[in-house]
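The block underneath contains the structure these notes are about, expressed in structure tokens.
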Amino acid sequence: MATSQNAVKTNSTATDEKRRFWNNDTEAIIGIMVVLLILGTINIFSSSFIIAEAEFDSPYFFLKRHLINIAVGFVAFGICFKVDYHKWRGLMPFILLFTLISLLLVLVIGPEVNGARRWLPLGVTQFQPAEMAKLVSIMIMAAYLALQVKANREIKFFTAQMGIIGVMALLTEQEPDMGTASIILGIPIIMIIVAGLDFKKVLKLVGAVIVGVILLILRQPYRLERLKVTYDPWSDAQNFGYQTVQSLSAIGSGELTGMGLGVGVSKYDYLPEAHTDFAFAIFCQENGFLGAVFVFLLFAALTIYAARVANRARDEYGQILSMGIMVLIVGQAVANLLMVGGMFPVVGVPLPFISYGGTSLIVTMASIGILANIGRLGNKD
């Protein structure tokens, strides 16, 4: 009788394992990344082939570059997945120096595009140092907070680490790129608060952040205009509200199931940045409400599995670094989705994996590699 019961339990366990898509959280995160990459590649080609043909005489111009970026991204992912995440702390001085020099160089020799200097030319491609600064700021703050939490010491805001992060954010703001600068500075602030900053200090910090954001908005007149039209883009539909109006039009026209791949009309010079910041609007137009919900669920699942990795990490550094990476990827996704949906000002934040962007994609894949490494090492305990 006991043997029969054991056989039933064994068969039940085997059946449960067969029903699972993956064996652990690490596999789940990698699987979600691959699905998002496939969706993003299809969407980038669909949203860019018109402008690529018009400007570069080849409908595959952006697709080819995107595939190269994916290849480089997988190399970065593979390295970060294999290298023990603790070793990055020892390399951080060199990585930080490279990032700071790159941020300075882009202001001096970077080509000016639409009034901004954000890229360093590297032959056939370009490098955006501010994207790398996002991940570097998280790693710097994670190293500091891990030491404080482990030793049960007071969490402070005004530290050397925060000063370095502030310098990177300031250099990025000079490009100008307020959206990226806010991410570089904002995620470490969230990490500090979650790690256990005193409540009174949290209130003071939030107040300081609000004042800082107001000053940054007033620094560039167009930012205030964008903010004004956020909740009523039709009041200035031909100027500052144009992108939002066109984005909402594209999303609404997708209805339940979408117009079909490649059929969306908004990419025909109606929606600016259709393959970059507003790529999700084209995705909704061609895949409809059901496609949009599927993407939402993928990012929600990524959040859950990343949180599980953080919870099971073998030490404080792994826990805090996992949390920071989760906020980086999912936070950008939320910001982009709100922006495309007209509920957030146009700030130029890409949708991870779905928007076209070389450095952004490579850094995101490297971040997933680090997250997967933390999960893999955590599973061994």
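The values are calculated or read from the model by the stated rules, or taken from the named source; none is laboratory data. Everything numeric in this text was worked out from a predicted model, so none of it was measured. Positions of Cβ are backbone-derived with ideal geometry, glycine not excepted, and every protein chain shown enters the neighbour counts. Side chains included, ligands, DNA and RNA excluded: accessible areas come from the protein's heavy atoms. Shrake-Rupley method; radii C 1.70, N 1.55, O 1.52, S 1.80 Å.
So here's what we get for this one:
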quantity	calculated
Heavy-atom accessible area per residue - the chain, 1.4 Å, Å²	49
Sequence ranges 191-200, 33-42, 323-332, 347-356, ranked by mean other-Cβ count within 10 angstrom, highest first	347-356, 323-332, 33-42, 191-200
Among 255, 154, 286: highest mean-square fluctuation, GNM of the chain, C-alpha pairs under 10 Å	154
Three-way shape call for the stretch 202-358 based on the alpha-carbon gyration tensor, with the a/c threshold at 1.5	oblate
Dimensionless Rg over Rh [the stretch 297-381; C-alpha; Kirkwood]	1.03
Residues of the stretch 341-363 with amide N under 14 Å of the 7 Å Cα→Cβ point at residue 125	357-363
Efficiency of FRET from Cβ geometry, residue 300 and residue 92, R₀ 25 Å, rounded to 0.05	0.20
Count of lysine pairs in the chain with Cα separation under 23 Å (8 or more residues apart, or interchain)	15
Given charges at Cβ of Lys, Arg, Asp, Glu: the chain dipole, positive-most of 364, 229, 139	139
Rg and Dmax of the stretch 84-197, Cα atoms only, in Å	15.1, 49
Share of carbon and sulfur in the accessible heavy-atom surface of the stretch 257-374 [1.4 Å probe, %]	66
Within-12-Å neighbourhood charge of residue 108 [Cβ basis; K, R +1; D, E -1]	-1
The chain pair-distance distribution - Cα-Cα, 20 Å bins, rounded %	26, 57, 15, 2
